[in-house]
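Notes for the one structure printed next.
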Amino acid sequence: MNHRPPQLRRLALVVLAVLLLGGGSLGYVLHARHRDLPTTAADGSFSLAEPGLYYRDSATGRIARRGGTGGPPATGGPACERFYAAGEHALCLRKLPGIPARTQALVLDRRLREVQRVTVPGIPNRARVSASGNVLSWTAFATGDSYATSAFSTRTSLLDLRTGYLIKSMEEIPLTIDGTRYHAPDVNYWGVTFARDDNRFYATVSTKGRTHLVEGNLHDWSAKALRENVECPSLSPDDTRIAFKKKVSDDPAAPWRLYVLDLADMREHPLAETRSVDDQAAWLDDGTIGYALPGRDGRDSDIWSVPADGTGEPRLLVPGGSSPAAAN
């Protein structure tokens, strides 16, 4: 027989209901957190060990892979807004919901499973991984959303997986321009690309309305400007050339053209792609450049390729794709 007073029975029922609701909410949160984690293909075969072209599929927002056999693409990779992969790791950038804008950088292993995550302010923009997979960099728009205007600010981060050392913003790196240590409040970095030694890197620096190609050194934590009018550099697999976008017009609708710079003699040549490319191009091999352009037939973007020596013509690789990265 229950001898509790009615008030105590009602109180117990209220407490039980709160616990049940709280448990349900906790279960939903845990489910949502699990649902938000990157996933691999259902058969477990989605891995960087498989050669091919990895890219973001615009229709699903997930990473897919096209092999060299011409068959259907493999699907089921993580959901990313920007992506890059090399060596032992991949980098997946996501925009988190809410205001102010925040970017979540997910470090993934070769099976595209999460091993680390970092959150920084801004909108996802550029992602790069060194050839070994040991060093990663990403850029987010802190304000604005286009390099075609002056009303933007970027935040570029570096992560060394060998030491765990994270630099959330590299604006304080000692910078030399024209042989002189340079200081200015408007310095912005973006578009990092790494040499094979996991030490030397290149990036774009913008200041006083000009853009510079800089060469950096992780060990010395220093950077020096090499030349002007170089944006979004991408170092070739043999470390000898840089693909980049060069400003060739003041037309905000079509300001850039893709070029390749030979680091030995600092000579440059335009590529056969004459359309304006607002992307950090990727080397698909020693002689081929991949990049994204606004899509046709209502697609967000398409992936194209062009020979790196300036010959040939653009070729459509993946309708409805972006963020190309080649795995061999």
Open item on the list: Cut-off under 21 Å on the C-alpha distance; same-chain residues fewer than 8 positions from K168 excluded. Which lysines are left, in chain and number order?
Closed with: K95, K224
Task: Label point distance in nm, E171-D285, each placed 7 Å from Cα along Cα→Cβ - done: 4.2
- [ ] For the range 174-320, take the alpha-carbon Rg, divide it by the Kirkwood Rh, and send me Rg/Rh.
- [x] 0.98
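Can you tell me the convex hull volume per residue for the range 68-226, based on C-alpha atoms, in Å³ to the nearest whole number?
Values: hull volume 22.1 nm³, N = 159.
Measuring per residue, one finds 139 Å³ for the Cα hull of the range 68-226.
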- [ ] Sort D285, D297 from largest to smallest accessible area, using a 1.4 Å probe on the heavy atoms of the protein chains.
- [x] D297, D285
Task: Percent of Cα-Cα distances greater than 20 Å, calculated over the range 168-251 - done: 29
Open item on the list: Net charge within 10 Å of T240 by Cβ-Cβ distance, Lys/Arg positive one each and Asp/Glu negative one each, not counting T240 itself?
Closed with: -3
Open item on the list: I'd like the accessible area for E88, computed on protein heavy atoms only with a 1.4 Å probe and all protein chains in place. Round to 10 Å², please.
Closed with: 100
Task: Ordering of 302-311, 185-194 by packing [mean C-beta count within 10 Å, highest first] - done: 185-194, 302-311
Task: Relative contact order for the range 99-138, counting Cα pairs under 8 Å that sit 6 or more residues apart, in percent - done: 34
TODO: Check cross-link reach from K247 to the aspartates and glutamates: straight Cα distance under 20 Å, and skip same-chain residues fewer than eight apart.
DONE: D145, D186, E215, E228, E231, D262, E268, E273, D278, D279, D309
TODO: Please work out how much accessible surface R62 shows to a 1.4 Å probe, ignoring ligands, DNA and RNA, in Å² rounded to 10.
DONE: 80
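The values are calculated or read from the model by the stated rules, or taken from the named source; none is laboratory data. Note that the coordinates shown come from a computational prediction; the quantities given were computed from them, not determined experimentally. All Cβ positions, glycine included, derive from the backbone under ideal geometry; neighbour counts span all protein chains shown. SASA here: full protein model, heavy atoms, side chains in, ligands and nucleic acids out. Shrake-Rupley method; radii C 1.70, N 1.55, O 1.52, S 1.80 Å.
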